[in-house]
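The values are calculated or read from the model by the stated rules, or taken from the named source; none is laboratory data. Everything numeric in this text was worked out from a predicted model, so none of it was measured. When we count neighbours, we look across all protein chains shown, and the Cβ atoms used for this are built from the backbone with ideal geometry, even at glycine. We work out accessible area using only protein heavy atoms, side chains counted, and drop any ligands, DNA or RNA first. Shrake-Rupley method; radii C 1.70, N 1.55, O 1.52, S 1.80 Å.
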Protein chains: 2
Amino acid sequence: MSTSNLEAKRHSLSHLLAAAVLEMWPQAKPTLGPPVDNGFYYDFEFPTVVSESDLPKIQNKMEEIIKTWNTFARFELSPQEAKAEFKNNEYKHELINGIATEGAPITIYQSGQFRDLCRGGHVEKMKDIKADSWKLERIAGAYWRGDENNKMLTRIYGLAFDTKKELDEYLKMIEEAKKRDHRKLGKELDLFVFSELVGKGLPLWTEKGSIIRRELERFIVDEEIRRGYHHIYTPDIAKLDLYKTSGHYPYYKDSMYAPIKIDEDEFMLRPMSCPHHFELYKSQPRSYRQLPMRIAELAKLYRYEQSGELSGLLRVRSFCLADAHIVARSDQAEAEINGALDLIEYIAGILGFKANKDYRYRLSLGDRTDDQKYYKDDAAWEHAEGVLRNVLKNRAVENYEAAGEAAFYGPKIDIQIKNVLGKEDTAFTVQYDFVMPKRFKLAFTASDGREEEPIVIHRSSVGAIERTIAFLIERCGGAFPAWLAPVQIKLLPVGSTHHDYCQKLKTEFLDHGFRVELDDANETIGNKIRKAEGEKIPYSLVIGDKEIASNNLAVRKRGQKEISSLPKEKFMAELKQEIEYKK
Amino acid sequence: MSTSNLEAKRHSLSHLLAAAVLEMWPQAKPTLGPPVDNGFYYDFEFPTVVSESDLPKIQNKMEEIIKTWNTFARFELSPQEAKAEFKNNEYKHELINGIATEGAPITIYQSGQFRDLCRGGHVEKMKDIKADSWKLERIAGAYWRGDENNKMLTRIYGLAFDTKKELDEYLKMIEEAKKRDHRKLGKELDLFVFSELVGKGLPLWTEKGSIIRRELERFIVDEEIRRGYHHIYTPDIAKLDLYKTSGHYPYYKDSMYAPIKIDEDEFMLRPMSCPHHFELYKSQPRSYRQLPMRIAELAKLYRYEQSGELSGLLRVRSFCLADAHIVARSDQAEAEINGALDLIEYIAGILGFKANKDYRYRLSLGDRTDDQKYYKDDAAWEHAEGVLRNVLKNRAVENYEAAGEAAFYGPKIDIQIKNVLGKEDTAFTVQYDFVMPKRFKLAFTASDGREEEPIVIHRSSVGAIERTIAFLIERCGGAFPAWLAPVQIKLLPVGSTHHDYCQKLKTEFLDHGFRVELDDANETIGNKIRKAEGEKIPYSLVIGDKEIASNNLAVRKRGQKEISSLPKEKFMAELKQEIEYKK
């Protein structure tokens, strides 16, 4: 198979990398060097500082050595022999001890003069690796075995593909992704900032970024209300007791912030909103007529992230989740889950994410044997997983199953979105919960007057607002559709004699509810157009004598060279439609 | 003057109360008994438990004694004589010591057989106090001298006015206020709830309450954006360092919650948003062209309130402030303050608060001699107070000045609103700040290229959302105008044969963006109307055979008995107008 062949190439190249490093730094200690998604790496303890400027020299050395290599020979050694071979390398000794404890054979692979402790998986012939299909990429620090209590090693990364063409394509994609990086665009387009004094992982939204956020939030809230959700507000803090009652505390305590003592009670920044919603549900007796009760909130949540993990809007310490909890009779579950997926597909579509291309579904299952991680109730798990499986069977979106990925209170459907680099990640989920209703003693009066226990569906329509906007920025490269664009129209007077007319136009557009800016700088019209294009404003209107005389507008659409002349009313009507229908 | 005469009556009645109590409980120790806003009280240490059921007996005794009193005689005593007179009463001894230390004369007033330590201020003749113009009201606990380390005494309150008519009016007003109490109506109309598990002072907004809140918030945000504010989002927490930089920490630390340690830093739930806004301002260099920069936010804030002080939505531990900070050149200050007051008056008007009737302005000044409480810069205080005074001179709203009520960073204009009981309170403020710009090193490049320091205006357009909604509930008694009403239309089918038609009507109203409910219970139309009236829904539509045949609607407006017949389209058009213009 071609993939595993590619993996073999990548693995073989990591041997080659270690060989080159050892020729150049005989005192270096090689540790581990596996293949990865886009190539390979190898971790070394170096006797001296090695930097990115050394990469070309190492690459040259690798190209020199590869010519002398043919194939890989396998040797089986005793632990003593292996340790003797890697004397003074405590890392290899640790690995050898590990393999010996497992009872596995200790094998060494040799190519040319270079021998390495290895479980195998190489190319048949080094000639199978095409020239220019690989290159060293970068250097980073990495703790031995990923543990921050261990020594920091030097990791050298290489990229490797089957052909030069594929490598070039990958490099181009990386280049494009860098240009679209939401942190870079967020700064260039002045959408959000961070402040050292406020704190890491806590974005401050500028006027422009806030417009995007507000439009998105209002769209979601209005759409959810249209679909019968009760959109509510609950506090962002709660007593620790609440999370003990919900049973979240033991599972979440490491990602919760420390408690705040107020009078005699301890309060927590909430890591989730479900317990608040359940408390609201319980504020009065409920009847079967009120079910399903879809309780939704733009909920601000707080979860601990290590400072090194924080990244722009993608990993933050406080985020706003488009959250909801549907309290329902169990025979309503299937319809409600379908309803939640309908909403998710609709909103994803509006935001430009296409089913099967940009996202697919994952059915995340529990594990009946793991009572530690999952609530014990085999029958309930069987039933809930069956419901979710049935839902997915009847939908048009590709799906797959993953064992051991469920929440502790039930199975879930994860919406797996691909980012610009093609990496897939869980963006949001629909969860079936049969545990919380018990913990919170949720109840309703059935039609026969008896008290029954409902089930709960946890879902997010669009995930965390911060993360969704990061996705959006990267997807559209900052060129937002008109309904989200912070500035929809830019007025570009040709000369200073056209300023007054532009001022009047601006007021007119504002009165019609458009977001408009006027560029009255003393610059050429060419410069003004370039600037508006750089700001990724959907429509630039060039205003000179002709426009004033005709009452027409010279309209330049973002990304297009030609300028078309349009009656003002027609332009406004068309833009209004474009905004209303979120095109 | 009539008011001070009323005060004399109230004071005289407190003597009468003490005389009655001592006749009934000779072992009781009277302490202090002043006149108050609506009557008088007296604090006693009782030898036994006294409860509200004792009030009629005390009142009877007072009515008996008053007949025997004529006027008040004054006696001046030495401290020794006074203490001998009040032997065994350590409270009076403490008062006597205090008066002696002041060097004031120690006076005793006597009426009938009753003598009390007193500075004077009684009626000429007890006959001036009209029968039935006063009555005992209630009993409460009160610490001696208001200090919780002291002994708890028993306080007896009485109401007293010039005439029986005024007393009756006051009692009626209290009765009405109780009916309008936002805590009571909030529960009856299901607008918000509290949960013991979530915590005190942390309201959870129901679906209905959330509609009111969302409509109000969107109205404010949209109106502020229309007036050139940048509406932003910033985090609700920040590093403690931020509040040390701002200088808020020493002034606010008692009302801030305890810090939360995250990694090496301490984070605070923010008690105000100014420092966040300044950090955003500072995220890039600013030019005079960008000023005034009006930075606004619906900012969630956290301030400590003692558990005993918490009250419904009026005193909470977390609230959402319609906040803004205007960074401006100092020559723009007057125009910006006027702009802020224009906005305040506009929004107050929409919410039904009338200038001079419901609110007036207070100019809160600093104190040049108090460097502890106020930032020392006499010239800056003079200038800022002058600007504010000038603004108020030219406005149509009544105003007065109050010394020593300023913020530590500058003087302010407080908007003083009267509640249902006529009590005046600061609802929101416009503050002139010349200190923060220095502390945060705020700057802008002036037109001549030099760096200058701006001033900052802190203002709230409508105060805390929670408190404003509490005011609103009490003002309209829960009968919200249509634009805020959680349900705008209730459909009342006369019989079950009309349900289908009502279902269709409901969908039609929903599609037009109205908030509508259908009452399909098996009840008489009279009951349904009464229920809709109890829920204070603006419009009830009675639907029977005639309406289905004619396509007309039988419209019953809230609070009106008559039902009028209207073509459906006309009703919708009129209601749309009513909502849009926030009538």
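Structure data summary
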{"quantity": "Antiparallel content of DSSP bridges confined to chain A, in %, to 5", "calculated": "85"}
{"quantity": "Spin-label pair B:Lys354/A:Asp511, simplified geometry with 7 Å Cα→Cβ offset, distance in nm", "calculated": "3.2"}
{"quantity": "Selection from B:Met268, B:Ile295, B:Ala322, by position along the positive dipole direction of the stretch B:265-333 (Cβ)", "calculated": "B:Ile295"}
{"quantity": "In Hz, Karplus ³J(HN,Hα) per residue of the stretch B:425-432 (6.51, -1.76, 1.60; θ = phi - 60°; x = Gly, Pro)", "calculated": "9, 6, 8, 7, 9, 10, 10, 9"}
{"quantity": "Listed residues A:Thr445, B:Thr154 arranged by accessible area, highest first, probe 1.4 Å", "calculated": "A:Thr445, B:Thr154"}
{"quantity": "Label point 7 Å beyond Cα along the C-beta direction, distances from B:Phe46 to other copies (nm, shortest first)", "calculated": "8.6"}
{"quantity": "Shape call, the stretch B:64-154: gyration tensor on alpha carbons, a/c limit 1.5", "calculated": "oblate"}
{"quantity": "Kirkwood-based Rg to Rh ratio, the stretch B:3-162, C-alpha trace", "calculated": "0.94"}
{"quantity": "Average beta-carbon neighbours from other chains, 10 Å sphere, peptide B:295-302", "calculated": "2"}
{"quantity": "Label distances, nm, A:Ser255 versus same residue in remaining copies, Cβ-directed 7 Å point", "calculated": "3.6"}
{"quantity": "Across A:Lys393/A:Lys583; B:Lys418/B:Lys438; B:Lys418/B:Lys583, pairs whose alpha-carbon gap is larger than 28 Å", "calculated": "A:Lys393/A:Lys583; B:Lys418/B:Lys438"}
{"quantity": "Neighbour net charge for A:Ala335 - beta-carbon separation under 11 angstrom, K R +1, D E -1", "calculated": "-3"}
{"quantity": "Isotropic mean projected area of the C-alpha convex hull, the protein assembly as shown (nm²)", "calculated": "61.2"}
{"quantity": "At 7 Å out from Cα toward Cβ: B:Asp370 inter-copy label distances (nm, ascending)", "calculated": "6.2"}
{"quantity": "Förster radius 51 Å - calculated FRET efficiency between B:Glu453 and B:Glu188, Cβ distance, rounded to 0.05", "calculated": "0.45"}
{"quantity": "Diffusion coefficient, µm² s⁻¹, Stokes-Einstein with Kirkwood Rh over alpha-carbon pairs of chain B at 10 °C and 1.306 mPa s", "calculated": "56"}
{"quantity": "Cβ crowding within 10 Å averaged over residues, with A:125-134, A:293-302, B:109-118 ranked highest first", "calculated": "A:293-302, B:109-118, A:125-134"}
{"quantity": "About the Cα centre, charge dipole magnitude for the stretch A:309-390 (Lys/Arg +1, Asp/Glu -1 at Cβ), debye", "calculated": "460"}
{"quantity": "Cut-off 13 Å between beta-carbons: net charge of the residues surrounding B:Gly495, Lys and Arg +1, Asp and Glu -1", "calculated": "-4"}
{"quantity": "Orientation-averaged projected area, Cα convex hull of the stretch A:135-219 (nm²)", "calculated": "9.7"}
{"quantity": "Charge dipole (the protein assembly as shown, unit charges on Cβ, about Cα centre) - positive-most of A:Gln113, B:Phe408, B:Ser210", "calculated": "B:Ser210"}
{"quantity": "Value at 222 nm in deg cm²/dmol, rounded to 500, when DSSP H runs of n ≥ 4 in chain B each add -39,500 (n - 2.57)", "calculated": "-11000 deg cm²/dmol"}
{"quantity": "Rounded if a/c under 1.5, otherwise prolate or oblate - the stretch B:233-379, Cα gyration tensor axes", "calculated": "rounded"}
{"quantity": "Chain B, relative contact order in percent, only Cα pairs under 8 angstrom and at least six apart counted", "calculated": "10"}
{"quantity": "Flagged links, alpha-carbon separation over 32 Å, of B:Lys178/B:Lys504; A:Lys179/B:Lys300; B:Lys151/B:Lys253", "calculated": "B:Lys178/B:Lys504; A:Lys179/B:Lys300"}
{"quantity": "For the protein assembly as shown, size of Cβ-based charge dipole, Lys and Arg +1, Asp and Glu -1, in debye", "calculated": "1420"}
{"quantity": "Sequence ranges A:528-539, A:350-361, A:5-16, ranked by mean other-Cβ count within 10 angstrom, highest first", "calculated": "A:5-16, A:528-539, A:350-361"}
{"quantity": "Percentage relative contact order, the stretch A:39-139, counting C-alpha pairs under 8 Å, at least six apart", "calculated": "34"}
{"quantity": "Normalised per residue, the volume of the convex hull around the Cα set of the stretch A:132-175 (Å³)", "calculated": "79"}
{"quantity": "Charge context of B:Glu345, other residues only, Cβ under 13 angstrom, K/R +1, D/E -1", "calculated": "+2"}
{"quantity": "FRET efficiency for A:Arg74 and A:Arg138, using Cβ-Cβ distance with R0 set to 35 Å, rounded to 0.05", "calculated": "0.65"}
{"quantity": "Simple label model, 7 Å out from Cα along Cβ direction - B:Leu421 to B:Lys582, nm", "calculated": "2.9"}
{"quantity": "Euclidean distance between Cα centres, the stretch B:460-505 to the stretch B:526-583, Å", "calculated": "13"}
{"quantity": "Neighbouring partner chain Cβ atoms per residue of A:154-167, average, 10 Å criterion", "calculated": "0"}
{"quantity": "Over 14 Å [Cα-Cα, the stretch A:252-311], rounded percent", "calculated": "69"}
{"quantity": "DSSP bridge orientation in the protein assembly as shown - percent antiparallel, rounded to nearest 5", "calculated": "85"}
{"quantity": "Exercise: per-residue mean of other protein chain Cβ atoms within 10 Å, A:272-283", "calculated": "3"}
{"quantity": "Cα-based convex hull volume of the stretch B:489-580 per residue, rounded to whole Å³", "calculated": "88"}
{"quantity": "FRET E, pair B:Asn527, B:Lys57, Förster distance 41 Å, beta-carbon r, rounded to 0.05", "calculated": "0.35"}
{"quantity": "Solvent-accessible surface (1.4 angstrom probe) belonging to A:His248, in square angstrom, nearest 10", "calculated": "0"}
{"quantity": "Enclosed volume per residue, in Å³, of the convex hull spanned by Cα atoms of the stretch B:527-583", "calculated": "78"}
{"quantity": "Chain B, dipole about Cα centre (Lys/Arg Cβ +1, Asp/Glu Cβ -1), debye to the nearest 20", "calculated": "1000"}
{"quantity": "Links that overshoot a 32 Å alpha carbon limit, given the list B:Lys528/B:Lys570; B:Lys127/B:Lys172; A:Lys92/B:Lys261", "calculated": "A:Lys92/B:Lys261"}
